[in-house]
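K.L.:
Let me begin by handing over the structure; questions about it come next.
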Amino acid sequence: MKIYIAYTGGTIGMVPSDNGLVPDAAFADHLSQHLNESDEFVHEFVIQRYENLIDSSNATPQDWQNIAHDIESKWHEFDAFIVLHGTDTMAYSACALSLMFANSDKAIILTGSQVPMYKVRTDAMINVMGAISACEEGVQGVFLFFAGRLIEGDRAHKAHTTDWQAFSSPNYPERGVLGIDWRWRSEDIHHAPMSIHIPAMQDSAVTILPVFPGVQAIHWQGLLNDKVKGAVLLSYGAGNAPDKDPELLALLNTASDRGVTIVNVSQCGAGSVAAGAYAAGSALVEAGVISGLDMTYEAAFVKLHFLIGQGLSRQQIIAAW
């Protein structure tokens with residue numbers, strides 16, 4: 001098997017500096033040495049260090065496109081792909097790649113670590129080896145692998161800052177769990193045709209609207225500026241927000257009328273939006289807000305970018321949602 005490993009940056013390859021941890025340009029060589037020292041592998045690994053390494057806190061939609069174009073350019077050369085990425089925005093990138101490589105017939109697996117590889121107590125090689133193992137098993141699709149969990153790319157959520165298991169899949173079972181052996185989720189396999197589509201996405205196109213006690217229109221006015229074409233509304237519980245503030249609802253109505261697609265996602269850790277179940281949620285529906293159901297906020301944010309990047313109108317986005 002020929003596996004391409006893209007080192008984009010992130011904690012996994014960081015080293016100390018006077019200003020804290022920074023990406024290490026020599027990490028790709030160190031990883032290659034680790035992999036070549038193992039006599040278990042019969043694979044060919046090609047490790048590519050990105051010229052501009054990314055601290056994932058600085059990642060933008062342009063970086064999703066760059067990673068996707070890189071994979072696309074090597075699609076016919078390799079059997080599987082591993083993307084080493086920072087944990088802060090790995091869930092966003094995983095979702096973006098799952099949309100851009102829809103129904104992928106090869107493995108594209110994102111992973112990284114909570115502790116840099118240079119440290120003695122690190123999860124770096126455990127996660128890299130797990131990602132390689134998933135490729136060996138012949139999985140198809142885009143996934144995030146971390147601490148023994150293989151999570152669907154559009155279902156991953158960064159859930160912990162210091163635990164080894166940094167990611168969860170709050171509303172969907174993991175594709176596989178790796179202990180001594182793999183335990184796989186049983187599923188009906190549908191062989192839908194694969195498609196690669198990498199739209200141009202603008203950083204300013206999508207925003208996030210937080211709901212909190214005392215939220216007022218003035219808090220959201222700057223977020224819903226003229227450049228914004230989509231917004232993820234982080235609501236309470238099953239999709240609720242204040243319904244007694246006419247200015248707040250009018251702001252949402254005005255944005256919807258000018259073509260902004262607003263998607264309602266619960267700020268709870270798990271569960272689904274039940275639009276209209278409560279009066280407070282019905283007011284959002286009347287203001288043109290659509291339900292994100294059980295999507296993570298990362299997935300809703302990325303999907304809006306992806307659909308808006310295709311030039312779709314609000315009505316077309318709603319129909320495609």
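The values are calculated or read from the model by the stated rules, or taken from the named source; none is laboratory data. Since the structure is predicted, the reported quantities are computational estimates derived from the model, not experimental observations. In this analysis, Cβ positions are derived from the backbone assuming ideal geometry, glycine residues included, and neighbour counts consider all displayed protein chains. The accessibility values were calculated without ligands, DNA or RNA, using every heavy atom of the protein model including side chains. Shrake-Rupley method; radii C 1.70, N 1.55, O 1.52, S 1.80 Å.
K.L.:
If you take the alpha carbon radius of gyration of the chain and divide it by 2.2 N^0.38 Å, what ratio comes out, to two decimals?
P.N.:
With N residues counted in the chain, Rg over 2.2 N^0.38 Å equals 1.04.
K.L.:
Something else about it: Taking H as built 1.01 Å from N, whose amide H comes closer than 5 Å to the amide H of Phe146, not counting residues under 5 places away?
P.N.:
Ile151
K.L.:
Shifting gears a bit: What net charge do the residues around Thr89 carry, taking every other residue with its C-beta under 14 Å from that of Thr89, with Lys and Arg at +1 and Asp and Glu at -1?
P.N.:
Summing Lys/Arg as +1 and Asp/Glu as -1 gives -4.
K.L.:
Can you list residues whose amide H is under 5 Å from Cys268's amide H, if they're 5+ apart or on another chain and H is modeled 1.01 Å from N?
P.N.:
It is Gly237, by chain and number.
K.L.:
On to the next question. Report D for region 78-173 in µm² per second (integer): Stokes-Einstein, Kirkwood Rh on Cα pairs, 4 °C, 1.567 mPa s.
P.N.:
Answer, rounded: 99 µm²/s.
K.L.:
Beyond 22 Å, what share of the Cα-Cα pairs of region 1-139 is found? Please give it as a whole percent.
P.N.:
33 percent
K.L.:
Using a cut-off of 27 Å between alpha-carbon atoms, which lysines can reach Lys106, once sequence neighbours fewer than 8 places away in the same chain are excluded?
P.N.:
Hits, sequence-local ones excluded: Lys2, Lys74, Lys158, Lys303.
K.L.:
Then there's this: Can you give me the C-alpha center-to-center distance between region 248-270 and region 68-109, rounded to a whole angstrom?
P.N.:
One Cα centre to the other: 30 Å.
K.L.:
Using the heavy atoms of the protein chains and a 1.4 angstrom probe, tell me the accessible area per residue for region 72-193 in square angstrom.
P.N.:
44 Å²
K.L.:
Continuing with the same structure: Over all Cα pairs of region 159-264, how is the pair count split among 5 Å bins, expressed in % and running from 0 up to the last occupied bin?
P.N.:
Percent of Cα pairs in each bin: 2, 9, 13, 14, 12, 12, 14, 10, 8, 4, 1, 0.
K.L.:
May I pose another question? Search the structure for amide H atoms under 5 Å from the amide H of Leu209, placed 1.01 Å from N in the peptide plane, and list their residues when 5 or more places away or on another chain.
P.N.:
Here Val232, Leu233, Leu234 satisfy the definition.
K.L.:
Please list 3J(HN,Hα) in residue order for region 163-168, calculated via the Karplus relation 6.51 cos²θ - 1.76 cosθ + 1.60 where θ = phi - 60°; whole Hz, with x for glycine and proline.
P.N.:
3J(HN,Hα) across region 163-168, in whole Hz: 6, 4, 8, 7, 10, 10.
K.L.:
Next question. Please compute the net charge surrounding Ala80, taking Lys and Arg as +1 and Asp and Glu as -1 over other residues with Cβ under 13 Å from its Cβ.
P.N.:
-3
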